[in-house]
Amino acid sequence: MLSVVDQLAIIRTNVVDLLPEEDLVRKLERSVATGKPLTIKLGLDPSRPDIHIGHGVVLNKLRQFQDLGHKVVLIIGDFTAMIGDPTGKSKTRPALTLEETRENGKTYVDQASVILDRDKTEIRYNSEWLDALSFKEVIALSAKYTVAQLLERDDFTKRYRGGEPISVHEFLYPLSQAYDSVAIQSDIEIGGTDQKFNLLVGREIMRAYGHEPQCILTMPILEGTDGVEKMSKSLGNYIAVTDSPKDMFGKTMSIPDTLITRYLQYACYAPTDEVASLGLALSEGTAHPRNAKVDVAKRIVARYHGQDAADEAFAEFERVFVKKDEPDEIPDWTMTDPSGSMKLIDLLPVAAGLASKSEARRLITQGGVRVNGEQVKDPEATISAADQPVVRAGKLKWFRVIPQ
C-alpha cells in the first residue's frame with residue numbers, strides 16, 4: 001500500500017470537495033498502519049440505468065481507490081428509487097417499483113464494470129436494511145435531522161418559496177441515503193457536486209448513530225455535447241459508455257471548442273499540466289481546435305473500446321465527414337406500418353432515436369436530413385420502404401429503410 005502522502009496526491013486529482021481533509025488523513029494513516037482498507041461508498045440511482053462518460057468522472061475516481069487497495073461498495077438504491085431523488089428537481093418524481101429498480105440496477109452494474117474492477121467491487125442493495133426498518137426506527141431516524149436543516153437544500157428552498165408542493169417522503173430521501181452510510185460503515189462517500197448536501201447529511205447521521213463520520217468527496221459534473229447543460233440522456237447530449245466507437249468518436253467531435261480542455265481533463269483523465277498546456281495553446285492559436293478534438297475523441301474511444309477501435313473510428317469519421325462518403329455499414333430499419341410508407345416527421349423519432357416530433361421538425365426544416373443524398377426540408381415528405389432509401393439524420397445517424 002502506498003504512503004499517505006502518495007495516496008493523497010492521487011485522491012486529490014480533479015476533486016472539487018474533499019471534506020474534511022484532516023479526517024481523511026487520519027483514516028489513511030490508520031489504514032496504512034493496520035493494513036485494513038477504507039470503505040469507499042457510491043450510491044447509484046437505478047431510475048436512470050444508462051451510464052455515460054459524465055458518470056465516468058466519478059467511477060474513475062472509484063477505480064483509483066480500488067487501485068490504491070481500498071474496498072469499493074456500490075449501493076444500488078433499489079429502495080430509495082421508490083422515493084425518487086429530488087436533487088435538482090422542481091417537482092416530485094414518479095416512484096418506481098422494487099422490481100424495476102432491481103432490473104435497472106443490474107444494467108447499471110454491468111456498465112459500471114467497464115471502468116471498475118468487478119472482482120474488487122462489492123454490490124449491495126439498500127432494501128436490505130431500509131426495508132427492514134420498523135416504523136419506530138424510521139421515526140427515530142427522522143428525529144436526528146430537522147426540517148430547517150433539510151430546507152437549507154437549494155432545490156427544496158426554491159420549491160417552498162415558489163409554492164411547489166414538497167411531499168414528506170422526499171425529505172426522507174437524504175436521510176435514507178445517509179442511513180446507507182451507517183449500514184456499511186462508510187469511510188468516504190463519493191458523488192457529483194450536486195450530491196454535496198446528501199453526502200454531508202450522511203456525515204451527520206453517522207455521528208448521530210455513534211459512528212465515525214464519513215469524509216465526502218465530490219467530483220465535477222461534465223457538460224454534455226451541447227456545451228450548456230450537464231450530460232443527460234433525457235437531454236440527448238450524452239455519450240454513453242456503451243456507444244459504438246463510431247458514435248462515441250462522432251459525438252465527441254461535435255462538442256463546442258470551449259469544452260475541449262474539460263473533456264481532456266475529466267473524460268480522458270489527462271494530467272493537469274497537459275490540460276493547462278493545451279488550454280494555453282488553444283487560446284494563443286498555436287493549436288487547432290479540430291486537431292485537439294480528434295486527439296480527445298481518440299482517447300475517449302480507446303479508453304472504452306481499445307486503440308484499434310479508436311483508429312478505425314477516426315478513419316471512418318474522416319471518410320464520412322471530411323470526404324463526404326457514406327459509411328461502410330449502414331444499419332437497416334424495418335418499417336412495420338401496413339401502408340409501407342411514413343411521413344418523414346413520423347419516421348425520425350422511431351428510426352433515428354430523436355426525442356420528439358418537434359425535434360424532428362427542427363432537424364428537417366434546418367436542412368439536417370438527407371434521403372438518398374438529397375436534402376429534404378419538408379417534414380410531411382413521404383418515405384416509402386419499397387424504395388429502400390438511405391436516410392441521414394444529422395451528422396451521425398444513418399439508416400436504410402426496408403419493408404417488413
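The values are calculated or read from the model by the stated rules, or taken from the named source; none is laboratory data. Small disclaimer: the values here were computed from a predicted structure and weren't measured. Here the Cβ is made from the backbone with ideal geometry for all residues, glycine too, and neighbour counts use every protein chain on show.
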Filtered residue count, the stretch 347-392, keeping only those that are of a type outside the set (A, V, I, L, M, F, W, C), assigned to a helix (DSSP H, G or I) and in contact with a helix residue (DSSP H, G or I) (Cβ under 7 Å, 6 or more places away or on another chain): 3
In contact with a strand residue (DSSP E or B) (Cβ under 9 Å, 6 or more places away or on another chain) and part of a helix (DSSP H, G or I): does that describe SER181? yes
So ILE190, is it modelled with pLDDT under 95 and touching a helix residue (DSSP H, G or I) at 6+ places or on another chain (Cβ under 7 Å): no
I'd like the residue in the stretch 393-404 that is of a type outside the set (D, E, K, R) and part of a loop (DSSP other than H, G, I, E, B) and, out of all such residues, is farthest from the chain's Cα centre (by Cα). GLN404
Taking the stated definitions as given, is SER90 modelled with pLDDT under 80, exposed (fewer than 15 other Cβ atoms within 10 Å of the Cβ) and in the same structural domain as LEU42 (by TED's automatic domain parsing)? yes
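Rundown of residues vs (1) free of Cβ contacts under 8 Å to residues at least 40 places away in the same chain; (2) aliphatic (A, V, I, L, M), yes/no style:
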{"position": "ILE11", "(1), (2)": "no, yes"}
{"position": "LYS36", "(1), (2)": "yes, no"}
{"position": "LEU42", "(1), (2)": "no, yes"}
{"position": "GLY56", "(1), (2)": "no, no"}
{"position": "LYS61", "(1), (2)": "no, no"}
{"position": "GLY69", "(1), (2)": "no, no"}
{"position": "VAL73", "(1), (2)": "no, yes"}
What number goes with the only condition from (1) more than 26 Å from THR80 (Cβ to Cβ); (2) in contact with a helix residue (DSSP H, G or I) (Cβ under 7 Å, 6 or more places away or on another chain); (3) not aromatic (Phe, Trp, Tyr) that LYS36 does not pass? (2)
Of all residues in the stretch 272-306, count the ones that are out of contact with any Phe, Trp or Tyr (no Cβ under 6 Å at 6 or more places or on another chain), assigned to a helix (DSSP H, G or I) and β-branched (Val, Ile, Thr). 4
Take the residues in the stretch 264-282 that are modelled with pLDDT of 95 or more and among the polar types (S, T, N, Q); name whichever of them is surrounded by the fewest Cβ atoms within 10 Å (Cβ to Cβ). SER277
Can you name the residue in the stretch 33-67 that is farther than 23 Å from ILE184 by Cα and surrounded by fewer than 19 Cβ atoms within 10 Å (Cβ to Cβ) and, of all such residues, is nearest to the chain's Cα centre (by Cα)? ASP50
If you scan the stretch 154-196, which residues turn out to be under 20 Å from the mean Cα position of the chain (by Cα), surrounded by fewer than 17 Cβ atoms within 10 Å (Cβ to Cβ) and β-branched (Val, Ile, Thr)? THR193
